[in-house]
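**Student:** The structure that follows is given in the form of structure tokens.
Derivation of every value follows stated rules applied to the coordinates shown; laboratory data play no part. Not measured: the values here are computed from a predicted model. Every residue, glycine as well, gets a Cβ built from its backbone with ideal geometry; the counts of neighbours run over all protein chains shown.
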Amino acid sequence: MDAKKCLQKLKYVGVLAFATVDGYGNPQIRNISAIHYEAESMYFFTAKGKDFCRELLNDGRVQILGYTKYKEMIRLSAKAVPVCDEDQPKYINMIFEEQPYLYNLYPNDTRMLGGIVFKITDAEIQYFNLGVNPIFRETYTIGNKKAIFKGYNITDNCIGCGKCADNCPQSCIEKGNPYKIQQNHCLHCGICFGLCPVKAIEKI
């Protein structure tokens with residue numbers, strides 16, 4: 001798995017959930033399918049008059065979530081920026097050709113008058129497969145985005161009691177000095193963190 005394959009899987013999903021925050025700090029979610037994919041970038045169309053567009057222009061931060069039939073969750077965190085004015089017609093036409101239903105919504109030249117395309121070229125992608133045992137997760141990036149790793153880590157304060165390993169639902173904690181969490185298989189459930197008698201587990 002890598003970033004390119006994650007984008008391909010999002011393309012197969014088709015309709016993705018886009019999350020933003022409005023001017024009052026309230027979370028907002030929309031389902032978007034007017035999307036064009038390239039090897040390590042994505043472009044999407046919306047209407048200039050929508051709140052969604054205003055939120056992107058004011059802030060730009062967006063999280064995008066897709067879920068495949070194979071129980072794979074792919075979450076993309078990025079900042080969306082408008083495509084430059086001279087390239088807007090190119091990407092609008094490209095998206096409409098790939099998603100012909102859009103012609104019913106914006107016939108004739110209304111797509112040019114009322115629409116805008118945003119691009120994402122720098123992003124963090126989190127891949128999470130619940131359909132395998134143990135589960136598999138990994139973080140990738142595209143462009144200049146830096147990954148922010150999350151989860152739990154066992155420090156040198158570990159006394160080797162084994163409570164974390166004995167109760168891990170994915171059996172992804174290896175015996176050692178200290179014990180070690182296999183990060184690619186960790187649920188981030190925090191059970192080990194709560195059970196450690198000496199608080200040797202830290203949240204990353």
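**Student:** What lysines sit close enough to K175 to cross-link, taking a C-alpha to C-alpha distance under 24 Å and skipping anything fewer than 8 places away on the same chain?
**Tutor:** Straight-distance partners of K175: K150, K163, K199, K203.
**Student:** Jot down the per residue volume, in cubic angstrom and as a whole number, of the convex hull over the alpha-carbon atoms of region 1-119. Working shown, then result.
**Tutor:** Values: hull volume 12.5 nm³, N = 119.
Normalising the Cα hull of region 1-119 by residue number yields 105 Å³.
**Student:** Further question: Choose one of Y37, A3, I135: the residue whose Cα lies farthest towards the positive end of the charge dipole of region 3-142 (beta-carbon charges +1 Lys, Arg; -1 Asp, Glu; about the Cα centre).
**Tutor:** Looking along the dipole axis, the top candidate is I135.
**Student:** Helix 3-13 against the longest principal axis of the chain: what's the angle in degrees, Cα atoms only, rounded to the nearest 10?
**Tutor:** It is inclined by approximately 60 degrees.
**Student:** I would also like to ask the following. Straight-line reach from K146: which lysines have a Cα under 17 Å away, not including same-chain ones fewer than 8 places off?
**Tutor:** Candidates past the 8-residue exclusion: K4, K79.
**Student:** Report, in degrees rounded to the nearest 10, the 0 to 90 angle that the Cα long axis of helix 88-98 makes with the longest principal axis of the chain.
**Tutor:** The angle comes out near 80 degrees.
**Student:** Among the aspartates and glutamates, select those whose C-alpha is under 13 Å from the C-alpha of K50, and discard any that sit fewer than 8 residues away in the same chain.
**Tutor:** List returned: D22.
**Student:** Something else about it: Want the number for Y101 to V198: 0.36 nm per residue separation, take away the alpha-carbon distance, what's left? Each step should come with its number before you reach the end.
**Tutor:** On the way: separation 97, 0.36 × 97 = 34.92 nm, distance 5.90 nm.
Once the chain is fully extended between Y101 and V198, it gains 29.0 nm.
**Student:** Something else about it: Take every Cα pair under 8 Å in region 152-203 that's 6+ residues apart, average their separations, divide by the length, and report that relative contact order as a whole percent.
**Tutor:** Details: 85 pairs, mean separation 25.0, N = 52.
This gives 48 percent for region 152-203.
**Student:** Now a separate question. In whole angstrom, how far apart do the alpha carbon centroids of region 171-190 and region 3-50 sit?
**Tutor:** For region 171-190 versus region 3-50, the Cα centre distance is 33 Å.
**Student:** Would you work out the relative contact order for region 3-142, in percent, from Cα pairs under 8 angstrom that are 6 or more residues apart? Working shown, then result.
**Tutor:** Values: 255 pairs, mean separation 37.0, N = 140.
Relative contact order here is 26 percent.
**Student:** Just checking the chain: which Cys have no other cysteine's beta-carbon under 4.7 Å?
**Tutor:** Unpaired cysteines in the chain: C6, C53, C84, C158, C161, C168, C172, C186, C189, C196.
**Student:** Could you calculate the FRET efficiency of K90 with Y12 from 1/(1 + (r/R0)^6), where r is the beta carbon distance between them and R0 is 30 Å, rounded to 0.05? Working shown, then result.
**Tutor:** Values: r = 24 Å, r/R0 = 0.81.
Computed FRET efficiency for K90 and Y12 comes out at 0.80.
**Student:** Now for a different question. Largest first and to the nearest Å, give the Cα extent of the chain along each principal axis.
**Tutor:** Principal-axis extents of the chain (Cα, largest first): 70, 35, 26 Å.
**Student:** Specify which residue in the list M94, T121, G66 is farthest towards the positive end of the charge dipole of region 3-142, using unit charges on the beta carbon of Lys, Arg (+1) and Asp, Glu (-1), about the Cα centre.
**Tutor:** The Cα lying farthest towards the positive end belongs to G66.
**Student:** If you don't mind, there's one more thing I want to ask. Of H36, H188, how do they rank once you tally other Cβ atoms within 10 Å and put the fewest first?
**Tutor:** H188, H36
**Student:** Another question about this same structure. Once you sort the root eigenvalues of the Cα gyration tensor of region 152-203 as a ≥ b ≥ c, which label holds: rounded (a/c under 1.5), prolate (a/b larger than b/c) or oblate (the other case)? Could you put the intermediate results ahead of the total?
**Tutor:** Details: a/c = 1.44, a/b = 1.31, b/c = 1.10.
Judged from the Cα gyration tensor, region 152-203 comes out rounded (a/c under 1.5).
**Student:** While we're looking at this one, here's another question. Given contacts defined as C-alpha pairs under 8 Å and at least six residues apart, what's the relative contact order of region 125-174, whole-number percent? Can you show the working numbers first?
**Tutor:** Working: 35 pairs, mean separation 13.7, N = 50.
Relative CO of region 125-174 lands at 27 percent.
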